[in-house]
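J.: Below is the structure I would like to discuss, written out as structure tokens.
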């Protein structure tokens with residue numbers, strides 16, 4: 001029987017478009033310092049570290065975690081890096097959970113960090129084209145990279161595939177409203193990159209196309225920052241919680257799936273994010289959730305793109321595919337609605353510091369469960385070449 | 001689409017050895033120009049027949065599993081993973097196919113593809129194949145806009161005249177833009193297609209009201225440009241960028257200057273601009289710069305014409321300039 005694993009501490013650094021003042025060394029230590037303080041333990045009490053760092057190029061080193069081991073005070077302890085595209089943070093949480101459930105360690109630090117915008121394009125004299133180029137090295141090197149594959153166009157393929165299958169869904173006025181709603185959510189998140197960038201649906205609809213069908217204000221922003229969680233097995237978690245007086249947020253379900261990297265018959269289905277479907281069902285099964293629409297209250301999902309947020313919620317089984325726009329049209333995710341979705345502002349407004357993003361989402365879900373005294377949250381990470389990766393976690397308030 | 005690059009890393013991408021200092025809260029932070037680079041002499045290995053087929057023979061090669069019969073294009077496996085790794089056989093497939101799903105269109109590209117945008121990239125199932133080949137998509141009629149190529153659209157593979165044995169040696173256009181002979185021809189070359197050349201639009205003669213509106217709008221833009229030049233955030237949108245742009249409208253012409261953070265409008269004709277923008281109604285541009293619409297979308301919807309596609313880069317910066325000014329104003333208000 002696997003051990004129960006809970007979150008007993010969490011922290012994030014502010015997510016920013018550019019941290020001139022800090023390298024990823026300091027960002028990683030900053031989140032670690034705050035997380036152990038939140039759990040009221042010493043770093044010496046932490047047995048292991050699981051690093052979520054997506055992209056070697058961002059950190060400008062092929063083993064970017066190696067300088068961190070000593071800097072975060074875990075020299076001579078277990079350390080392993082997870083790199084799974086956009087889903088890096090969620091997969092890092094999954095790995096740490098497995099090690100603790102398997103009784104390899106009593107405590108673990110889950111640490112995500114990314115420094116994206118040191119990349120700079122000297123031909124356009126701006127960072128963004130180089131940041132997205134660095135991400136574009138993630139595409140298939142024989143068949144995709146040389147014809148302009150990018151994170152945006154690969155997600156756009158799936159979104160357009162979904163719109164082919166379910167015509168009339170993902171209406172521009174709905175996606176614009178969701179973006180506006182997320183911007184309002186970010187207003188109360190002091191760590192959000194765009195805390196003060198509240199936008200109207202009209203502004204979203206007026207913003208420029210980046211990659212059709214995505215408008216500029218429907219896309220996540222690249223960030224620099226770090227996030228950390230302290231995980232502990234049951235007895236240790238209870239001892240820590242007794243000391244801090246904070247509730248344990250249990251990880252009761254984990255589920256993952258990675259898709260095929262080619263499309264067509266028997267390959268990737270371009271009209272669905274199958275990994276979101278499979279990953280969430282595996283997490284529900286482990287958590288014993290029969291009907292997620294009756295159980296899940298908070299969703300912190302990886303909204304790389306607002307259209308994908310809608311599709312992902314449908315893949316989770318929280319809204320039907322054909323009527324996915326009821327998220328707004330029937331108020332399912334509006335304030336006071338059935339689901340609290342991305343209360344941190346999501347990756348669109350809090351920011352996307354890739355390796356740290358899903359860990360930030362878990363930080364936010366834990367906070368909401370504790371502050372609003374809710375019971376169940378679903379945390380999600382997704383990444384894409386065309387072979388989308390998904391990891392989902394079910395968090396429950398004790 | 002033709003490209004003549006002789007260096008793996010084009011010179012324009014390579015920065016000088018240099019550094020600069022950024023001061024935040026009276027503290028200095030050092031920024032250094034840097035790069036990670038690794039060169040390869042990389043084998044195409046088992047994929048060589050596919051890439052050599054494109055390069056030398058203008059053929060598309062796939063592989064077929066003798067057990068399940070699935071034809072994969074490209075031939076990404078030598079053994080079928082669905083049939084306990086039964087060995088597959090290479091075969092030639094057709095050069096016309098249908099789109100597996102509606103393709104996205106990239107308007108804002110990575111630094112390596114800025115000179116190719118806007119372009120589509122999607123997946124085509126060629127005749128004789130079961131899986132989809134990822135391809136770049138263009139139109140012969142100018143700028144690729146949504147709706148031209150959709151799920152189920154018949155497309156034709158076009159071969160570049162100069163091929164190096166990479167997937168970028170081919171691209172597709174809608175078969176409906178070609179003649180029946182071109183569609184039927186195997187190994188159709190890029191040079192065999194009529195590409196519509198960009199033509200500067202001609203506008204009707206202006207009336208008195210058009211002229212009055214133009215004068216008023218230029219004044220509005222001049223006032224806005226002063227605000228933008230004084231906004232710390234807006235200046236960042238055009239930092240390090242220099243362009244002298246001639247803007248032609250139905251009722252008159254003016255000059256737009258972008259100069260490393262400074263933005264200026266003058267009512268005059270530029271003898272040798274970096275590029276030309278042309279729109280019948282000056283309000284198209286006024287709305288864009290006032291953040292009431294996007295200039296990028298005006299180009300896509302053909303309300304605004306630009307003489308060089310590569311200047312999409314500048315158009316993005318102008319959109320960003322408008323947004324950054326509004327963001328700064330909002331943040332000041334919120335704080």
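J.: Counting only residues that are assigned to a loop (DSSP other than H, G, I, E, B) and under 28 Å from residue B:69 (Cβ atoms), which one in the stretch B:148-159 is nearest to the other protein chains (Cβ to nearest Cβ)?
T.: By that ranking, first place goes to B:151.
J.: Here are the criteria: (1) assigned by TED's automatic domain parsing to the domain that holds residue A:259; (2) in contact with a helix residue (DSSP H, G or I) (Cβ under 9 Å, 6 or more places away or on another chain). Tell me which single one residue A:157 does not satisfy.
T.: With respect to (1) assigned by TED's automatic domain parsing to the domain that holds residue A:259; (2) in contact with a helix residue (DSSP H, G or I) (Cβ under 9 Å, 6 or more places away or on another chain), residue A:157 is out only on (2).
J.: Another question, if that's okay. Name the one entry in A:165, A:108, A:151 that is within 13 Å of chain B (Cβ to nearest Cβ) and modelled with pLDDT of 95 or more.
T.: That would be A:165, the only listed residue that is within 13 Å of chain B (Cβ to nearest Cβ) and modelled with pLDDT of 95 or more.
J.: Here's another thing I want to ask about it. Filter the stretch B:118-147 down to the residues that are away from chain A (no Cβ under 11 Å) and within 20 Å of the chain's Cα centre (by Cα), then identify the one that is surrounded by the most Cβ atoms within 10 Å (Cβ to Cβ).
T.: Only one residue fits best here, namely B:138.
J.: Looking only at the stretch A:188-197, count every residue that is at the interface with another protein chain (Cβ under 9 Å from one of its Cβ atoms) and either touching a residue at least 60 places away in the same chain (Cβ under 8 Å) or buried (at least 21 other Cβ atoms within 10 Å of the Cβ) (or both) and tell me the total.
T.: Final tally of qualifying residues: 3.
J.: Can you name the residue in the stretch B:302-317 that is more than 10 Å from every other protein chain (Cβ to nearest Cβ) and either closer than 24 Å to residue A:17 by Cβ or out of contact with any strand residue (DSSP E or B) (no Cβ under 9 Å at 6 or more places or on another chain) (or both) and, of all such residues, is surrounded by the fewest Cβ atoms within 10 Å (Cβ to Cβ)?
T.: Applying the filter and picking the extreme gives B:302.
J.: Next up: Could you check the stretch B:1-49 and list, in sequence order, the residues that are in a helix (DSSP H, G or I) and within 9 Å of chain A (Cβ to nearest Cβ)?
T.: B:12, B:13, B:47
J.: Just one of the numbered conditions (1) at pLDDT 95 or above; (2) in contact with a strand residue (DSSP E or B) (Cβ under 6 Å, 6 or more places away or on another chain) is not true of residue A:184; which one?
T.: Answer for residue A:184: the failing condition is (2).
J.: Here is a further query. Answer with yes or no whether residue A:200 is more than 10 Å from chain B (Cβ to nearest Cβ) and more than 21 Å from the chain's Cα centre (by Cα). Talk me through it step by step, then tell me what you get.
T.: Details: more than 10 Å from chain B (Cβ to nearest Cβ): yes; more than 21 Å from the chain's Cα centre (by Cα): yes.
Considered against the rule, which asks whether it is more than 10 Å from chain B (Cβ to nearest Cβ) and more than 21 Å from the chain's Cα centre (by Cα), residue A:200 comes out as yes.
J.: Further, regarding this structure: Do you know which residues across the stretch A:4-44 are in a helix (DSSP H, G or I) and under 28 Å from residue A:235 (Cβ atoms)?
T.: A:31, A:32, A:33, A:34, A:35, A:36, A:37, A:38, A:39, A:43, A:44
J.: Something else about it: Against the conditions (1) on the phi < 0 side of the Ramachandran plot; (2) assigned to a loop (DSSP other than H, G, I, E, B), where does residue B:69 fall short? Just the number, please.
T.: So residue B:69 meets the others, but not (1).
J.: With respect to residue B:81, is the statement that it is modelled with pLDDT of 95 or more and in contact with a strand residue (DSSP E or B) (Cβ under 6 Å, 6 or more places away or on another chain) true?
T.: So residue B:81 fails the test.
J.: Also, I was wondering about something else. For a quick check of your reading: which helices (runs of 4 or more DSSP H) sit entirely within the stretch B:162-255 and have at least 1 residues that are in the same structural domain as residue B:283 (by TED's automatic domain parsing)?
T.: B:208-230, B:232-237
J.: Those residues that are farther than 20 Å from residue A:342 by Cβ and not in a helix (DSSP H, G or I), I need them from the stretch A:149-197; list them, please.
T.: Selection gives A:149, A:150, A:166, A:167, A:168.
J.: Does residue B:64 satisfy the criteria of being surrounded by 13 or more Cβ atoms within 10 Å (Cβ to Cβ) and either more than 13 Å from chain A (Cβ to nearest Cβ) or in contact with a helix residue (DSSP H, G or I) (Cβ under 8 Å, 6 or more places away or on another chain) (or both)?
T.: Working: surrounded by 13 or more Cβ atoms within 10 Å (Cβ to Cβ): yes; either more than 13 Å from chain A (Cβ to nearest Cβ) or in contact with a helix residue (DSSP H, G or I) (Cβ under 8 Å, 6 or more places away or on another chain) (or both): no.
Considered against the rule, which asks whether it is surrounded by 13 or more Cβ atoms within 10 Å (Cβ to Cβ) and either more than 13 Å from chain A (Cβ to nearest Cβ) or in contact with a helix residue (DSSP H, G or I) (Cβ under 8 Å, 6 or more places away or on another chain) (or both), residue B:64 comes out as no.
J.: Another one. Given the condition in a strand (DSSP E or B), touching a helix residue (DSSP H, G or I) at 6+ places or on another chain (Cβ under 7 Å) and under 20 Å from residue B:323 (Cα atoms), answer yes or no: does some residue in the stretch B:265-285 qualify?
T.: Checking the stretch B:265-285: at least one residue is in a strand (DSSP E or B), touching a helix residue (DSSP H, G or I) at 6+ places or on another chain (Cβ under 7 Å) and under 20 Å from residue B:323 (Cα atoms).
J.: What are the residues in the stretch A:136-148 that are more than 14 Å from residue B:120 (Cβ to Cβ), facing chain B (nearest Cβ under 7 Å) and part of a helix (DSSP H, G or I), if any?
T.: A:136, A:146
So that you can scan it fast, the table gives a plain yes or no per residue for (1) under 30 Å from residue B:259 (Cα atoms); (2) within 20 Å of the chain's Cα centre (by Cα); (3) more than 10 Å from chain B (Cβ to nearest Cβ):
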position	(1), (2), (3)
A:87	no, yes, yes
A:120	yes, no, no
A:128	yes, no, no
A:169	no, no, yes
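J.: If you check B:71, B:96, which single one turns out to be surrounded by 15 or more Cβ atoms within 10 Å (Cβ to Cβ) and closer than 20 Å to residue A:142 by Cα?
T.: Result: B:71 is the single residue among B:71, B:96 that is surrounded by 15 or more Cβ atoms within 10 Å (Cβ to Cβ) and closer than 20 Å to residue A:142 by Cα.
The values are calculated or read from the model by the stated rules, or taken from the named source; none is laboratory data. Every value quoted in this text rests on a predicted model; they were computed, and no experiment measured them. Glycine gets a Cβ as well: all are built from the backbone with ideal geometry, and neighbour counts include every protein chain shown.
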